[in-house]
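The values are calculated or read from the model by the stated rules, or taken from the named source; none is laboratory data. Just so it is clear, the model here is predicted, and its values are computed rather than measured. Here the Cβ positions follow ideal geometry from the backbone for every residue, glycine too, while neighbour counts run over all protein chains shown.
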Amino acid sequence: MSNDGTILARRIRKSFGHKTVLHDIDLDIASGEICCIIGPSGSGKSTLLRCINGLETVDSGILKVNGDDFGYYETDNAYHALPPKKLAQQRTRVGMVFQQFNLFPNMTARENVMSGPVLVKGADKKESSKRAQELLTSVGLGAFGDRYPAELSGGQQQRVAIARSLAMDPEIILFDEPTSALDPEKVGEVLGVMQDLAKKGMTMVVVTHEMGFAREVSDSLIFMDEGYVVERGDAREILKNPKEARTQAFLKQVL
Amino acid sequence: MVQTISNGSKPTMNGIDPALKPRLRRRSTFEYVAWVVSILFGAGILFSVSTNPNFKWDVVAKYFTHESILRGLMLTIFLTVASMVLGTLLGLVIAIMRSSSIKPIAATAGAFITLFRGTPVLVQLIFWFNISALYPNLTIGIPFTDIGTAIDTNALMGPITAALVGLTLNEAAYMAEIIRGGFSSVGKGQIEAADSLGMSAATKMRKIIIPQAMPSIIPATGNQVIGMFKETSLVSVLGVAELLQSAQLIYARTYETIPLLIVASLWYLVMTLVLSYPQSKLEQKYSHTSARVPRKSRKVVLTAPEGIAR
C-alpha cells in the first residue's frame, strides 16, 4: 500500500537550548486526513509543524513523511542527514503555508505561483504560467495574476500562497496559523479555499485558532500544551466533550 | 433647509474667508541672524579668493582643460570604473562565501575582509607595488612539480596594475560587507518560503535573496563609487599619472602648486557633483517603503480611496 500523504511520528523530541519544546510526540496522519492542532501559544504546535517539512530538525525520534524518513536516512546505529538535494526533493512533496504569507515581493502573484515548478522542477514556463492561472482562478484570484504582493490584501496574499504551495502538487500541505495575521473579515475567504482543498482529498495539518474550521472541516484534532500532546481524537468529539481538564480550560477560554 | 455653521472667527476687513487664509511658518530671530552672518561670511571668502593674486585664476583657467590634465582625468575615471566593477564582483563572491554555512569558507572570507578593511589603502597600494620584493618571480603551474612558467613580477606588476589590484581588493572587502548587509535585510520568512518549496541554495540566492537585497545594496554602492573616485588620488604615490599626479607633474615644472591643485580639486568636485545626482535619485527610489515593489508594478493605477489618499 502506498504511504503517500501520510505522516508518522514516534517519540519526537526537540529542544532549543535547554528548553524542551516537543516531548515524545507521536503522530499518525492518514492520507487525505485533515488534522487540526490547537493549543496556547508556546505549546510547540508550530515547531511540530516546522519539523514536518524540515524548517526545524528533530533531536530524536522517528519521523516518516510520505512513508520515507524525513531529512535523514537510517543506518544500523544512526540517522544521517540527507544531502541538500534529497532533502529539497522531499520538501517539494510537503507544501507549507505561513502565518505571514511569505510571498516573494519581487515577483507577481503568477510568478510566485510559478516559482516552484519553474525554479525548482525546471518546468516549462508557458505551461507553468497556464497552470498558475488555473490555480489562481481556483482560489478566486484569476484576475490578479499580474499584481505584486504589496498590491494585494492579506487574504488575497494568503490565497496566492496556498496556490503557490499547490503548484508543486504536494501530497501534504501544512498550514501554520494561516488566518492569524488577517483582518477578521478576510478570514472567511482563506478558510473557504482550505475547505475546498479538504474536499479534494489533500492531507492537511492545520495549526489554527479557528475552532469553527476545526469543527466543520477537521477529521482529527490534537490539543498541545507545553510540548506535550494533551488530548487527541475526533475533532467534533473533543470540541464537544473534552476529557482532560487542561483541554476543558483552554476551550472554555477560546470558545 | 441649508444650515450655516458659524466659523467662530472674527469677520475680516479684506473679505478673505478665514478658512482659506494661508498658514505661515514661524521664523525665529536666530534664523535672520544666521542669514546675515552666513551671507557676510560667504561674501568675505569670495572677495578674498577673487582678489588674492596668489590664486592665479588665469593659470587655473589655462590648465583646466590642459591635455595632460584631461588624460589624467580619463585615467582616474578608468581606475574608478575598473576597480568598482571588479571590486563589486569580487565583493559579491566574498559576501556569498561569508554567509556560507561551511565554516572554513566563511572564515576565509572573514579573514579577507578583516585584512583589507583593517589596513590603510595607501599602505596596501605601496605593498602591491613592491610585491616583487616578496615574490621576485611569479610561477604559474602545478605545485611541487616542474611544470609551469615563471614570470618576472616586476614586469607584471606595473604601477597601474598595482593600483588596480590594490583598489580592487580593498573595495571588494567593503563591498562584501555592504552586500552581506543587504542579504541580512531579506526576511527569514522569505528564506523559509524558498526552502519549503525545495529551492536549491544557488537558486535561492539568485532569485530570492539578491533581488530583494538590491534596494539596500544599490544606494550604498553609489556612495562607494563617489568615494572611490576621490580615493584614486592615493595611487599618485605609485607614479600613476592620474588626475592628481598629472597636476603634480605640471607644478613640479612650473612651481604653480596652488593653481594646479585647484584645477585637480575642481575636477574632483565636478565629477562628484555629476555622480551625486544619479546617486540621490537612486536613494530616493529605494528609500520608499514600497521599495520592495519593483518598478514595473508602479504603473498600476490605484483606485480610490487609496489613490486619493496619495
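General observations
- Any hit, the stretch B:147-154, residues being small (Gly, Ala, Ser), in contact with a Gly (Cβ under 6 Å, 6 or more places away or on another chain) and outside any helix (DSSP H, G or I): yes
- Looking at the stretch A:46-160, the strands (runs of 3 or more DSSP E) lying wholly inside it that each contain 1 or more residues that are of a type in the set (A, V, I, L, M, F, W, C) and either surrounded by fewer than 21 Cβ atoms within 10 Å (Cβ to Cβ) or more than 14 Å from chain B (Cβ to nearest Cβ) (or both) sit at A:60-65, A:79-81.
- B:ARG27 part of a loop (DSSP other than H, G, I, E, B) and not aliphatic (A, V, I, L, M): yes
- The condition of being surrounded by 15 or more Cβ atoms within 10 Å (Cβ to Cβ), at negative phi and at pLDDT below 95 holds for only one of B:SER6, B:SER83, B:SER48, B:SER99, that being B:SER99.
- Any hit, the stretch B:122-134, residues being more than 30 Å from B:GLN245 (Cα to Cα) and in a helix (DSSP H, G or I): no
- Selection status of B:ILE262, in contact with a Phe, Trp or Tyr (Cβ under 9 Å, 6 or more places away or on another chain), more than 14 Å from every other protein chain (Cβ to nearest Cβ) and surrounded by 19 or more Cβ atoms within 10 Å (Cβ to Cβ): yes
- Among the numbered conditions (1) modelled with pLDDT under 90; (2) within 14 Å of chain A (Cβ to nearest Cβ); (3) in contact with a Phe, Trp or Tyr (Cβ under 7 Å, 6 or more places away or on another chain), the only one that B:PRO159 does not meet is (2).
- Of the residues in the stretch A:20-29, none is out of contact with any Phe, Trp or Tyr (no Cβ under 9 Å at 6 or more places or on another chain) and assigned to a loop (DSSP other than H, G, I, E, B).
- Test: residue in the stretch A:212-223 that is under 16 Å from the mean Cα position of the chain (by Cα), among the acidic types (Asp, Glu) and under 30 Å from A:ASP59 (Cα atoms): yes
- Residue in the stretch A:199-212 that is of a type in the set (Gly, Ala, Ser) and in contact with a strand residue (DSSP E or B) (Cβ under 8 Å, 6 or more places away or on another chain) present: no
- Look at the stretch B:40-58: where a residue is in contact (Cβ under 8 Å) with a residue 40 or more places away in the chain and a partner is of a type outside the set (S, T, N, Q), sitting 6+ places away or on another chain with Cβ atoms under 6 Å, you get B:LYS56/B:PRO259.
- Boolean, A:GLU171 is touching a strand residue (DSSP E or B) at 6+ places or on another chain (Cβ under 7 Å) and either within 14 Å of chain B (Cβ to nearest Cβ) or buried (at least 23 other Cβ atoms within 10 Å of the Cβ) (or both): yes
- Of the residues making up the stretch B:220-240, those that are crowded, with 20+ Cβ neighbours inside 10 Å and either in a loop (DSSP other than H, G, I, E, B) or hydroxyl-bearing (Ser, Thr, Tyr) (or both) are B:THR221, B:THR232, B:SER236, B:VAL240.
- Some residue of the stretch A:166-174 being under 21 Å from A:ILE34 (Cα atoms) and assigned to a helix (DSSP H, G or I): yes
- Test: residue in the stretch B:183-192 that is away from every other protein chain (no Cβ under 13 Å), assigned to a helix (DSSP H, G or I) and either out of contact with any Gly (no Cβ under 7 Å at 6 or more places or on another chain) or touching a residue at least 24 places away in the same chain (Cβ under 8 Å) (or both): yes
- Members of the stretch A:1-45 found to be crowded, with 20+ Cβ neighbours inside 10 Å, of a type in the set (D, E, K, R) and over 12 Å from A:MET224 (Cα atoms), listed by number: A:LYS14, A:GLU33
- All of B:SER200, B:SER216 fail the test of being touching a residue at least 60 places away in the same chain (Cβ under 8 Å) and either among the polar types (S, T, N, Q) or within 14 Å of chain A (Cβ to nearest Cβ) (or both), apart from B:SER216.
- Those residues of the stretch A:236-255 which are within 23 Å of A:ASP24 (Cβ to Cβ), surrounded by 11 or more Cβ atoms within 10 Å (Cβ to Cβ) and of a type in the set (A, V, I, L, M, F, W, C), in sequence order: A:ILE238, A:ALA249, A:PHE250
- Some residue of the stretch A:142-153 being over 18 Å from the mean Cα position of the chain (by Cα) and either within 23 Å of A:LEU49 (Cβ to Cβ) or touching a residue at least 60 places away in the same chain (Cβ under 8 Å) (or both): yes
- Candidates A:SER43, A:SER15: the one that is hydroxyl-bearing (Ser, Thr, Tyr), touching a residue at least 40 places away in the same chain (Cβ under 8 Å) and not in a strand (DSSP E or B) is A:SER43.
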